[in-house]
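Each value in this text was obtained by applying a stated rule to the coordinates, not by laboratory testing. These numbers come from a predicted model, not from an experiment. In this analysis, Cβ positions are derived from the backbone assuming ideal geometry, glycine residues included, and neighbour counts consider all displayed protein chains.
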Amino acid sequence: MRLLIVMLSAWLAVACTQPPKLDAIPEGVVANWPAYGSTPGGTHFSKATQITPDNVHHLTEIWRHRSGDFRESPKSALQVTPIMIDERIYFCTPFNQIFALDAATGEELWKFDSGVDRETELALTNCRGVSSWDSGSDGFCEQRIVMGTLDARLVVVDAETGRRCPDFGQNGEVDVTHGLSSHDPFEYNITSPPAILGDKVITGAMVLDNRRLGVPSGVVRAYDVRTGEFLWAWNPVKPGSRTHDEDGSFLSGTTNVWSIISVDAERNLVFVPTGNTSPDYYGGHRGDLDYYSSSVVALRGDTGEVEWHYQMVHHDVWDYDTPAQPNLVDVTVDGVTVPAVVQVTKMGMTFALHRDTGQPLWPVEERPVPQGGVPDESLSPTQPFPTHIPHMMTEPLTADDAWGLTFIDEAMCRSKLEDLRNEGFYTPPSVQGSINYPSNGGGNNWGSPAIHPDKRILVAYTIRVPGSTRLVPREECEVEGGRPNQQGTPYCVRTGFIMSPLGIPCSPPPWGTLDAIDLEAGKVLWSRPMGTTRNMAPFPFWWIDGIPGFGGPMMTASGLIFSGISGEHALRAFDLEDGEELWKAELPTSATAVPMTYQLASTGRQYVVVAAGGHWGDDSPAGDYLIAYALPEEN
């Protein structure tokens with residue numbers, strides 16, 4: 001009892017201690033956040049410097065906004081990263097409303113409802129962001145906010161008023177399903193912000209995973225941002241192959257571009273990360289459809305023609321599609337500074353390519369990988385492995401690695417791992433069932449990474465949870481929800497995470513880490529468990545560090561990293577130097593989004609903003625919160 005009293009007294013003393021007063025607020029550097037990734041080439045990096053490792057513990061909530069646009073069942077997700085231009089914040093909601101807020105106060109200036117039918121069946125309810133275009137002139141619709149919708153439209157509104165720009169398409173919108181083969185509406189959605197290059201708006205789309213052969217084309221298209229005129233299309237088909245079906249629609253079944261597109265205005269290039277060809281886990285039918293799968297492709301901005309492409313996974317039957325925005329930075333190789341495209345992957349491997357040619361900046365080895373999946377499958381005998389930038393998933397998972405909270409669930413995990421085919425990385429899907437480590441969720445996913453453009457340090461969130469894939473002969477498949485998966489192939493598929501009876505991963509923690517890599521030195525600087533099980537497990541199992549989830553980091557020039565994660569109701573700040581946690585704020589639900597920051601010219605104040613709205617894949621409640629933090633104004 002005495003020990004408990006002493007411990008409680010110590011805890012109360014720490015909890016009630018007020019941080020020392022802030023002697024002075026630094027001036028810092030004025031900075032906007034004009035695009036989803038901060039710049040058109042990503043990086044999630046800000047030049048703002050008012051908030052520093054020394055004063056970040058003073059951060060306090062300044063305002064919060066609630067849109068009201070979310071759904072509890074089936075649960076929506078709020079994965080949006082707002083943009084900030086001219087002291088206004090713009091963001092979208094899961095059902096494609098756009099909001100404009102005063103960046104200093106969070107006051108709602110206007111909102112626009114795109115009219116998405118909430119009663120229509122939707123595969124995902126998600127909007128990761130909006131984009132902005134500015135003509136350089138004043139007047140109505142001379143600055144435009146552009147959004148893609150769940151029902152596959154491009155919508156353009158005036159940034160000042162939120163009213164439709166009537167000269168864009170039909171009353172401010174364009175239907176981007178034109179030219180597609182017949183499909184159900186839920187199979188084709190736009191969930192990522194369109195890219196802006198000059199006067200062009202460029203978009204791909206999310207084509208529903210693992211559904212059937214002949215899904216809608218993964219075509220990428222460009223439109224005139226003023227008029228909505230269709231300018232060009234790139235359908236990911238092998239050069240020399242047919243690009244259209246017999247009915248004149250874009251060739252169906254091609255790989256799609258669901259994630260965030262980057263652009264380089266100086267080079268007039270568009271960089272698209274491609275998905276893996278559908279259906280995800282069997283590819284005996286694909287042939288040339290695999291040519292651009294799971295790649296980074298550079299397109300010419302004026303025509304959509306391919307400048308170069310680089311494939312990260314050959315004949316991808318693991319759903320290891322290229323998940324994150326290609327990051328455009330300069331790096332020094334052998335004493336020479338070169339323009340690069342840095343691409344993280346679900347395998348936990350990072351590729352660095354020359355921006356002009358697509359050639360690796362450091363050697364990439366084609367290494368033999370396991371073979372012999374199922375009949376009529378055409379597995380690649382090798383896969384590319386970067387040699388300079390360290391892999392974040394370095395060791396295959398074995399039955400000896402089985403982990404559990406008790407001897408019983410550890411033993412059951414070991415039995416599960418022993419029963420599955422496991423030959424290390426790229427073990428092919430099988431009828432027996434195969435281990436996929438990392439799982440189809442990553443490694444790295446859409447929220448990562450953040451990159452310091454001067455220090456060339458990359459910080460990414462890495463998921464370390466095993467998955468399993470079992471192919472089931474078609475005659476043995478059970479119809480789930482009226483929709484058998486992988487229709488048109490000899491197999492349906494059963495996928496999932498490998499979990500203990502207590503619902504925890506069978507791999508040892510941490511199950512999620514925040515990792516810092518010096519790109520030029522090819523060195524891991526630090527790796528820290530990300531998040532705790534506080535919001536995921538009942539007491540007393542709150543002590544495990546490093547949870548699986550989705551989200552991503554943001555970085556500032558002052559040496560700070562901010563990140564939330566699905567599954568945990570918190571936003572944290574870390575020191576870029578060593579990964580030490582410096583600050584934590586409790587949230588009403590999980591932040592399944594990349595935070596952003598800006599410093600206003602009018603007041604000199606820097607804000608950190610994060611969306612907290614939960615994720616359909618975790619147990620956090622759905623929400624609609626946009627929350628801003630800043631240093632207190634009183635010294």
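Among 384-392, 398-406, how do they line up by average Cβ neighbours within 10 Å per residue, starting with the highest?
Values: 384-392: 18.8, 398-406: 15.0.
Per-residue Cβ counts within 10 Å, averaged per peptide and sorted highest first, yield 384-392, 398-406.
How much space per residue, in cubic angstrom, does the convex hull of the C-alpha atoms of the range 555-602 take up? Let's see the in-between values first.
Values: hull volume 4.4 nm³, N = 48.
It comes to 92 Å³ per residue, whole-number rounded.
If r is the Cβ-Cβ distance from E410 to R118 and R0 is 35 Å, what FRET efficiency results, to the nearest 0.05? Write out the running numbers ahead of the final one.
Numbers: r = 44 Å, r/R0 = 1.27.
The calculated FRET efficiency here is 0.20.
Do the sum for the chain: with -39,500 (n - 2.57) for every DSSP H run of n ≥ 4, divided by all residues, what is the mean residue ellipticity at 222 nm, to the nearest 500 deg cm²/dmol?
Numbers: 2 runs with 28 residues, N = 635.
Roughly -1500 deg cm²/dmol at 222 nm, from the helical runs in the chain.
Can you tell me the FRET efficiency between E87 and D419 if r is taken as the Cβ-Cβ distance and R0 is 60 Å, rounded to the nearest 0.05?
Working: r = 58 Å, r/R0 = 0.97.
Efficiency computed from Cβ-Cβ geometry: 0.55.
Using only alpha carbon pairs under 8 Å that are at least six residues apart, calculate the relative contact order of the chain and give it in whole percent.
For the chain, the relative contact order is 14 percent.
Counting other C-beta atoms within 10 Å, and keeping those with at most 14, which DSSP coil chymotrypsin sites (Phe, Trp or Tyr not before Pro) do you find in the range 541-617?
Numbers: sites: F541, W542, W543, F550, F562, F574, W583, Y598, Y607, W616; in loops: F541, W542, W543, F550, W616.
The qualifying sites are F541, W542, W543.
Could you give me the ³J(HN,Hα) list for the range 59-67, computed from phi with Karplus coefficients 6.51, -1.76, 1.60 and θ = phi - 60°, whole Hz, x at Gly and Pro?
Karplus values, whole Hz, x for Gly and Pro: 3, 9, 5, 9, 8, 9, 10, 10, 7.
Could you work out how far apart the two model spin labels at H178 and T161 are, taking each label as a point 7 Å from the Cα in the direction of the beta carbon, and quote it in nm?
About 2.6 nm separates the two model spin labels.
Rank the residues L626, L78 as a footprinting-exposure proxy: fewest other Cβ atoms within 10 Å of their Cβ go first. Could the numbers behind the result be given before it?
Details: L626 25, L78 31.
The most exposed by this proxy come first: L626, L78.
What trypsin sites (Lys or Arg not before Pro) in the range 174-250 are in a loop by DSSP, with at most 12 other Cβ atoms within 10 Å of the Cβ?
Values: sites: K200, R211, R212, R221, R226, R242; in loops: R211, R226, R242.
Filter output for the range 174-250: R242.
Report the net charge of residues surrounding P390, where surrounding means a beta-carbon distance below 11 angstrom and charges are Lys +1, Arg +1, Asp -1, Glu -1. List each step's numbers first, then the result.
Details: positive: K523; negative: D515, D518.
Once positives and negatives cancel, what remains is -1.
Binning every alpha carbon pair distance of the range 204-278 at 5 Å from zero, what are the percents per bin?
Values per bin, smallest distances first: 3, 15, 22, 24, 20, 11, 4, 1.
Tell me, rounded to the nearest percent, the portion of alpha carbon pairs in the range 292-424 spaced more than 24 Å apart.
Values: 3875 of 8778 pairs.
Here the long-distance tail beyond 24 Å is 44 percent of all Cα pairs in the range 292-424.
For the chain, what is the convex hull (Cα atoms) projected area averaged across all directions, in square nanometres?
Numbers: hull surface 116.4 nm².
For the Cα atoms of the chain, the hull's average projected area reads 29.1 nm².
Among R534, R144, rank each residue by its count of other Cβ atoms within 10 Å, from fewest to most, as a rough exposure measure. Numbers along the way, then the final one.
Numbers: R534 17, R144 22.
So the ranking, lowest neighbour count to highest, is R534, R144.
Treat the count of other C-beta atoms within 10 Å as a stand-in for reagent exposure and order T603, T49 from fewest to most. Numbers along the way, then the final one.
On the way: T603 13, T49 19.
Fewest-to-most ranking of T603, T49: T603, T49.
Can you give me the Kirkwood hydrodynamic radius for the range 174-325, using every pair of distinct Cα atoms, in Å to one decimal?
On the way: mean 1/r = 0.0657 Å⁻¹.
It is 15.2 Å.
Using 7 Å Cα-to-Cβ label points, what is the S241/V338 separation (nm, one decimal)?
Distance between label points: 2.9 nm.
Once the other residues with Cβ under 12 Å from the Cβ of S590 are scored (Lys, Arg +1; Asp, Glu -1), what is the net sum? Don't skip to the end; give the middle numbers.
Values: positive: K75, R534; negative: E568, E586, D618, D619.
Net charge in that neighbourhood comes out at -2.
Rounded to the nearest 5, what % of DSSP beta bridges with both residues in the chain are antiparallel?
So the antiparallel bridges in the chain amount to around 95 percent.
Can you list the lysines whose alpha carbon is less than 20 Å from that of K346, not counting same-chain residues fewer than 8 positions off?
K523
Give me the percent relative contact order of the range 549-635, please, defined on Cα pairs under 8 angstrom at least 6 residues apart.
Values: 211 pairs, mean separation 20.4, N = 87.
Answer for the range 549-635 is 23 percent.
Over the range 433-489, what per residue volume does the convex hull of the Cα atoms give, in whole Å³? Can you show the working numbers first?
Details: hull volume 7.5 nm³, N = 57.
For the range 433-489, the hull spanned by Cα atoms encloses 131 Å³ per residue.
Could you pull the Cα extents of the range 531-635 along its three principal axes, largest to smallest, in whole Å?
Sorted largest first, the three principal extents are 45, 32, 24 Å.
Ranked highest first by the average count of other Cβ atoms within 10 Å around their residues, in what order do 311-318, 161-168, 113-120 fall?
On the way: 311-318: 24.2, 161-168: 17.2, 113-120: 13.9.
Going by the mean number of other Cβ atoms within 10 Å, highest first, we get 311-318, 161-168, 113-120.
May I ask you to give the average projected area over all directions of the convex hull of the Cα atoms of the range 473-607, in nm² rounded to one decimal?
Working: hull surface 56.4 nm².
Hull-based average projected area comes out at 14.1 nm².
Take the alpha carbon atoms of the range 111-126, find their center, do the same for the range 482-504, and report the distance between the two centers in whole angstrom.
The distance from the Cα centre of the range 111-126 to that of the range 482-504 comes to 27 Å.
State the three equivalent ellipsoid semi-axes of the range 122-222, derived from the C-alpha gyration tensor as the square roots of 5 times its eigenvalues, in descending order and whole Å. Can you show the working numbers first?
Working: eigenvalues 149, 30, 27 Å².
Semi-axis lengths for the range 122-222 are 27, 12, 12 Å.
I need the peptides 339-350, 101-112 ranked by packing, meaning the mean over residues of other C-beta atoms within 10 angstrom, with the highest value on top. Don't skip to the answer; put the middle values down first.
Values: 339-350: 25.7, 101-112: 16.8.
Highest to lowest by the protection proxy: 339-350, 101-112.
Using the Cα centre of the range 128-177 as origin and beta-carbon charges of +1 (Lys, Arg) and -1 (Asp, Glu), tell me which of V155, C165, F140 is placed farthest towards the positive end of the dipole.
V155
Quick query: amide H of R71 versus all other amide H atoms, modeled in the peptide plane; which residues come in under 5 Å with a sequence gap of 5 or more or a different chain?
Those qualifying (amide H under 5 Å, at least 5 residues apart or on another chain) are S76.
Between A340 and residues 5 or more places away or on another chain, which pairs have amide H atoms under 5 Å apart, with H built 1.01 Å from N, and which residues are they?
V329, D330, V331, R355
Work through the residues other than V465 whose Cβ is under 13 Å from its Cβ and net out their charges, Lys, Arg +1 and Asp, Glu -1.
Residues near V465 contribute 0 overall.
When the Cα centres of the range 286-351 and the range 211-272 are compared, how far apart do they sit, in Å?
Measuring centre to centre over Cα atoms gives 16 Å.
Taking just the C-alpha trace of the range 54-131, give me its Rg and Dmax in Å.
Over the range 54-131's Cα set, Rg and Dmax evaluate to 14.4, 50 Å.
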